[in-house]
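Structure, as C-alpha cells:
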Amino acid sequence: MEKKLFAVIGLLFSIIVISGCSRTGEVQIGFSVGPSHERWERDIDFFTSRVTNAGAVLHVSRAENSHARQVEQVRELLKKNIDVLVIAPVDSRRAAGIVRLAHQHGVRVIAYDRIINDCDLDFYISFDNMRVGEMQAEYLTRIRPEGKYALLGGDAGDNNSILLRLGHMNVLQPFVEGRKLSIVVDEYISGWCDEEAFRLIDNYLELNPGGLDAIIASNDFIAEGAFRALEKHNLNRKVLLSGQDAEANACRRIIQGNQTMTVYKYIETLATVAASTAISMARGEPVVNTQMSINNGQVMVPSILLSSMVSVHPENLRMTVIANGYLDERLVFGMQ
Ligand code: GAL
C-alpha cells in the first residue's frame, strides 16, 4: 500500500516537473525586426541571448525596411504558434494591421523601440526619444548658440522621428525666437537613408556655399551622408554634426573630429527588459514592470521608457561605449 502510494506520488511529481519544464520550454517568442541599420543586429544578439537563457524558444525575422515583407514574415511567425510577438515596426501606423492580425491569432504584441499607433497595442518599450532629440540639440547649441542649422530627421513613418524632432524644437525654439539661430533645412528622410542626407546637404551647399553652422542629424547613418557632403565642400570639422546609436563609423568620426557627438543608448537594457516582459506575458504571468501609459491614438498603452542614454564626445568615448564593451577599442581607434 505504502509502495503504491509512493509510486503514485512519484508519478504525480514527475508529471508536475515534466509539465513545468515543458511549459517553460514551449514558450515561443517571435521577434520581427523592421529596420536594418547597424544597431539592430546588436538588438537581435542581446534579445536572443536573454530569451534563450530564460529557456524560451525564439524566432527572428528581418524585414529590411519593407512593410510588406514585415507583414509576410509575421504571418510566418504566427504559423509557428508563437505566444507573443515582439516587433520593431517599419512603419508606426501601417503596423496597426499587424497588431490586429496577431490578435486574431490570440497573440499579444509588444512594440520594441518604435511605438505602433492607432491599434489595441499590448505593450511598448523604448527609450525617451524626445529626450534623445533634446540631447542632440543641447549639445550643438551649447557649442554654437547662433547661426544656420539644418535639421535632418528620420523616416516620417517612424514615430521616433517625430519625437526626436519635438525634442530638437524644445531646445531650438527659444534661440529661433531670439533671432540668433535660423533653421535653413528642415526635412524627414525616407528610410533614414544616408544618400538622401548627402543629397540634401550637398544641394543646400551648392546654392549657399559656406552657409551652414550645424547639422542635427537624427542618427549616425544620416550623419554619415551629411559628413560626405561636408567633406565634398571642405566643411567637415567646421560644421557641427550630431548623431545617434554610437555606430562604429560615427565613433571613428568623433575621434577624428568629423562628427561632434552621438547619443549612445544602452540597447542591452532595452533588449533585457523586452525579453523578460515577453516571457512573463507568454507564461501568462502579470507584467509587473509597467512604468507609465502612453496614448497611441486609440488606447493607453502600458509602457516603459528607458532613460539610459548618454551624449558621447571625444572626451568620454572610452569610458562609455568602449568601457561598456559595446564597441571594441580596436574598431574605433584602429589599433592592432
Ligand atoms: C529609430 C531608432 C534609432 C535608429 C533609427 C534607424 O527608430 O530609435 O536608434 O536606429 O530607427 O534605424
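To the nearest 10 degrees, how steep is helix 267-282 against the longest Cα principal axis of the chain, on a 0 to 90 scale? Compared with the principal axis, the helix lies near 30 degrees. The 3J(HN,Hα) values that the Karplus relation (6.51, -1.76, 1.60; θ = phi - 60°) gives for the range 112-121 are, in residue order, 9, 6, 10, 5, 10, 8, 6, 7, 8, 5 Hz. Gly and Pro appear as x. Structural descriptor for the chain: relative contact order 17 percent, calculated from alpha carbon pairs under 8 angstrom and at least 6 residues apart.
For I110, nonlocal amide neighbours, meaning residues 5 or more places apart or on other chains whose placed amide H falls under 5 Å from its own, are L85, V86, I87. Taking Cα atoms only, the orientation of helix 38-53 departs from the longest principal axis of the chain by about 20 degrees. Sites listed here are trypsin sites (Lys or Arg not before Pro) in the range 100-200 whose DSSP assignment is loop and whose Cβ has at most 10 other Cβ atoms within 10 Å: R179. Gain on full extension, evaluated as 0.36 nm per residue between S66 and T272 minus their Cα-Cα distance, stands at 71.6 nm. Taken along its three principal axes, the alpha carbon spread of the range 137-197 comes to 33, 21, 18 Å, from the longest extent down to the shortest.
Provide, for the chain, the number of lysine pairs with alpha carbons under 27 Å apart, each pair being eight or more places apart or on different chains. Display every interim value, and only then the final one.
Values: K148/K180; K148/K232; K148/K238; K180/K238; K238/K265.
For the chain, the number of qualifying lysine pairs is 5.
Considering only alpha-carbon pairs that sit under 8 angstrom and 6 or more positions apart, the relative contact order computed for the range 168-308 is 14 percent. The modelled label-to-label distance for the pair N203/Q256, using points 7 Å beyond Cα in the direction of Cβ, is 2.6 nm. To the nearest Å, what is the center-to-center distance of the range 179-193 and the range 60-87, using C-alpha atoms only? With the range 179-193 and the range 60-87 each reduced to a Cα centre, they are spaced 33 Å.
Among the protein heavy atoms, those of E177 account for about 130 Å² of accessible surface (1.4 Å probe, every chain in place).
Which number do you get for Rg(Cα) / (2.2 N^0.38 Å) in the range 186-336?
Details: Rg = 19.1 Å, N = 151, 2.2 N^0.38 = 14.8 Å.
Cα Rg divided by the expected 2.2 N^0.38 Å: 1.29.
Taking the Kirkwood radius as Rh and the Cα radius of gyration as Rg, the chain has a ratio of Rg/Rh equal to 1.08. Couplings 3J(HN,Hα) for the range 301-311, derived from phi with the Karplus relation 6.51 cos²θ - 1.76 cosθ + 1.60 (θ = phi - 60°), are 8, x, 9, 10, 10, 7, 10, 7, 8, 9, 6 Hz, where x marks Gly and Pro. In order along the range 180-190, phi translates into HN-Hα couplings of 8, 10, 10, 9, 9, 9, 9, 9, 9, 10, 4 Hz, rounded to whole numbers, per the Karplus curve 6.51 cos²θ - 1.76 cosθ + 1.60 with θ = phi - 60° and x for Gly and Pro. For the chain, the longest principal axis of the alpha carbon atoms and the long axis of helix 67-79 meet at an angle near 10°.
Charges were assigned to the Cβ only: +1 to each Lys and Arg, -1 to each Asp and Glu. The resulting dipole of the chain about its Cα centre is roughly 520 debye. In the chain, taking the dipole from charged Cβ atoms about the Cα centre, the farthest positive-side position among S242, S92, G55 is held by G55.
Quick one: in the range 29-93, what % of C-alpha pairs are over 15 Å apart? When every Cα pair of the range 29-93 is considered, 48 percent fall beyond 15 Å. Across the range 27-58, the residues whose backbone nitrogen lies under 16 Å from the label position 7 Å along the beta-carbon direction of H105 are 27-34, 57-58.
Only helices enter the 222 nm calculation for the chain: every DSSP H run of n ≥ 4 contributes -39,500 (n - 2.57), and dividing by all residues gives -15000 deg cm²/dmol, rounded to 500.
The values are calculated or read from the model by the stated rules, or taken from the named source; none is laboratory data. Since we're looking at a predicted model, the values are computed, not measured. Glycine gets a Cβ as well: all are built from the backbone with ideal geometry, and neighbour counts include every protein chain shown. Accessible surface is based on the protein model in full, side chains and every heavy atom, while ligands, DNA and RNA are left aside. Shrake-Rupley method; radii C 1.70, N 1.55, O 1.52, S 1.80 Å.
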